[in-house]
Amino acid sequence: MIRLVPRTDISPWLAIISPVAAMFATVVAGALIFTFLGYNAAESLYHFFISPLSRVDRITDLVVKACPLMIIALGLVFCYRANIWNIGAEGQYIIGALAAGWLALSFPDTTSPLLLPAMMAIALIAGGAWAAIAALCKTIFNANEILVTLMLSYVAALVMDVLVRGPLRDPMAFGFPLTPMYPDTGLISRMPLPGFGYIGQLHYGVLIAFALAPLAWWLLNRTLPGFQVKVMGSSPRAGRFAGFSQKWTTIGVLLLSGALAGLAGMVEVSANIGQLQPNVSFGYGFTAIIVAFLARLNPIGVIFAGLLVAMAELGGDNAQIALGIPKVVTGLFKGILLFFLLAGATLQQYRITWRSSQAKTKEGEMTS
Amino acid sequence: MTALILTVLATSIPLLLAANGELIAERSGVLNLGVEGMMLMGAVAALGIVLYTGNPYTGIVAGALAGMAVSLALTIFATGFSGLAGAPLVGKTSASLPKIIIPLLSDLPVIGPVLFAQDLLFYLAFLIIAGTSWFLAKTRSGMILRAVGDNHDSAHALGYSVARVRWMAVAFGGACAGMGGAYIPLVLTPHWSEGMTAGRGWIALALVVFASWMPSRIVVGALIFGGITIMQLAGQARGWAVPSQVLSMLPYLATIVALVLISMRGKSSYLTVPACIGKPFHPGS
């Protein structure tokens, strides 16, 4: 019988090796699946993993795509570190985009430079508020936050749908369910790289993502609230003895992750779409969960993880265009990646042993 | 009126089956969050098999097997895979399960056609619920399952294999969820579309909590949620002034309300929680 025995010495190298190994295993599994489906494995893997890096504008697309993933994942890192399973980042993202959009559309003729910061603020507040519903349900009623946040994300998508098709609809849109375009001051403009000019869709929003990551790291590892989050996640009893409140930790991390998800929604719409439509998210909220885990819940790791997952997403698009591979294969990849990641995390903590060696192990434990 | 009852019942069957399976898994101490994925796999497997063989009954078996096979995998994986496997099946309609009419009893007014002129999976669902209830309460194996879920250390000390009980419970949970998912393309809407379970797996999870881990209460819960889901269609048909999206929100909002209510009952309701749910088991720890 195979058994899992806790490791007594956990090498820090494993923390870096296991995500890499998980990626490798995913690639292998992917090659197998492609062959099984009848596609050329080498070609498919090229399109999936190499082609997103082959041109400069594709690299900037990578960064642009990773931007919302990174922002959301940074918030989720805090939540998951505190053992609060916020699965509804998708809904918080949508509500943030919705609130910012409502603000922008309420002032269609403004030229004030304050519009963009105001939109960010309202997105933060709205996303946080949506997550706060789950926080209240958990702290007051002890309802499971996984289910509440998840249900709320379905509800959020429907709210966006009904508002875009109804009160916010653009009467000049030929019947399409679209809102009018945001005023120019509500858009995030493209960012020129010095020496290169404008490349692809690169916009100022990516600076937010790259600035937030070190900030989040500092907050988590160098401040008392960050320490509180880590303690309450790994040992709630110890935290309570230290005077930390489970209730406020829960509320705090949920508000933070909701706010960041809302901000991501606002940035994504203002930078890339410029108006609201029933579908502003392409599963970013759920993909960000994988990013957070791939980053091993480390804010700096989120940058790399976000870029990697964005690469897989773009790769899926390219593979679909070039080889006709169905888009759902990308979802398949993400699932396999998550599976191998979790397996790697488990193997980091536990060793696999065979029953025959159990006698030796016990002996060793008794004499040591 | 009969038609309304029929649709409510039909809509609640997937929830019923999935929640029942999850109940067994949770009673053994495993919090299996992959119900949504298992239902989708069951749906795609059932439809695929039926299109291939032409016999809708093979759909039930295929659904159960597929759900069981992936009951150990993750939801996201199964969602993607079912979308992949189902891609060639989009748009095709298939033979649905025929109704089995029980003579005499089905001639009773109202409850006749509602209860006794249904398809096999419908009867099977209620049989499974009854069987589960009896299994948990009255058989030795059921007691062992409950023991493993409530205190796995004691169960292990008594010599029961915790891992084996949990594997079997999760496999059963997967089979039921797969059958619940299979019901959707086999009976409700005889075709395939990506993500056709629309979050029902998650609602089934909440249903288990709502039912205080008792199979008989799952029937009540499933009927309520089935009714709420139907309200969206019924409301549209009757021309209610409420936008359809708001009605579509109702099952999800109702789930939240149900969760809040059940959790609010404080410590008393938590007497029925399997005490070791979600805790990994390590012998000798």
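Assorted remarks:
- Within the stretch A:84-98, at least one residue is charged (D, E, K, R) and in contact with a Gly (Cβ under 6 Å, 6 or more places away or on another chain).
- A:Leu147 being out of contact with any Ser or Thr (no Cβ under 9 Å at 6 or more places or on another chain), within 14 Å of chain B (Cβ to nearest Cβ) and of a type in the set (A, V, I, L, M, F, W, C): no
- Where helices (runs of 4 or more DSSP H) fall entirely within the stretch A:224-338, those with at least 1 residues that are at pLDDT 80 or above and either crowded, with 24+ Cβ neighbours inside 10 Å or within 14 Å of chain B (Cβ to nearest Cβ) (or both) are at A:224-234, A:246-268, A:284-294, A:299-323.
- Annotation for the stretch A:171-183: no member residue is of a type outside the set (Lys, Arg), surrounded by fewer than 23 Cβ atoms within 10 Å (Cβ to Cβ) and not in a loop (DSSP other than H, G, I, E, B).
- Sole residue being at pLDDT 85 or above and touching a Phe, Trp or Tyr at 6+ places or on another chain (Cβ under 7 Å), chosen from B:Ile144, B:Ile218: B:Ile144
- Taking (1) out of contact with any helix residue (DSSP H, G or I) (no Cβ under 9 Å at 6 or more places or on another chain); (2) of a type outside the set (Gly, Ala, Ser); (3) crowded, with 20+ Cβ neighbours inside 10 Å in turn, A:Pro117 satisfies each apart from (3).
- Checked against the criterion of being modelled with pLDDT of 85 or more, in contact with a Pro (Cβ under 6 Å, 6 or more places away or on another chain) and among the β-branched types (Val, Ile, Thr), the candidates A:Val148, A:Val155, A:Val164 yield just one match: A:Val164.
- Unique residue being farther than 30 Å from B:Ser161 by Cβ, at pLDDT below 75 and in a helix (DSSP H, G or I) when the list is A:Ala31, A:Ala21, A:Ala42, A:Ala15: A:Ala15
- Subset of the stretch B:154-177 [surrounded by fewer than 15 Cβ atoms within 10 Å (Cβ to Cβ) and charged (D, E, K, R)]: B:Arg164
- Total residues in the stretch B:218-240, condition polar (S, T, N, Q) and either touching a residue at least 12 places away in the same chain (Cβ under 8 Å) or over 21 Å from A:Arg165 (Cβ atoms) (or both): 2
- When A:Thr60, A:Thr26 are screened for being crowded, with 20+ Cβ neighbours inside 10 Å and within 14 Å of chain B (Cβ to nearest Cβ), only A:Thr26 passes.
- Hits in the stretch A:29-47 (condition: buried (at least 16 other Cβ atoms within 10 Å of the Cβ), more than 14 Å from every other protein chain (Cβ to nearest Cβ) and in contact (Cβ under 8 Å) with a residue 24 or more places away in the chain): A:His47
One line per residue, one yes/no per condition, for (1) within 24 Å of A:Pro214 (Cα to Cα); (2) among the polar types (S, T, N, Q); (3) under 19 Å from the mean Cα position of the chain (by Cα):
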site	(1), (2), (3)
A:Leu62	yes, no, yes
A:Met70	yes, no, yes
A:Ile94	no, no, yes
A:Pro113	no, no, no
A:Ala123	yes, no, yes
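- Only listed residue being part of a helix (DSSP H, G or I) and modelled with pLDDT under 80, chosen from B:Ile230, B:Ile256: B:Ile230
- Residue tally, condition within 20 Å of A:Ala259 (Cβ to Cβ) and not in a helix (DSSP H, G or I), over the stretch A:201-223: 2
- Sub-7 Å Cβ pairs linking a first residue in the stretch B:241-252 that is more than 8 Å from chain A (Cβ to nearest Cβ) to a second residue that is among the polar types (S, T, N, Q) and surrounded by fewer than 20 Cβ atoms within 10 Å (Cβ to Cβ), at least 6 apart or interchain, are B:Ser244/B:Gln232; B:Ser244/B:Gln236; B:Leu247/B:Gln232; B:Leu250/B:Gln232, ordered by first then second residue.
The values are calculated or read from the model by the stated rules, or taken from the named source; none is laboratory data. Nothing here was measured: the structure is a model prediction, and the numbers come from that model. Positions of Cβ are generated from backbone atoms using ideal geometry, with glycine treated the same way; all protein chains shown enter the neighbour counts.
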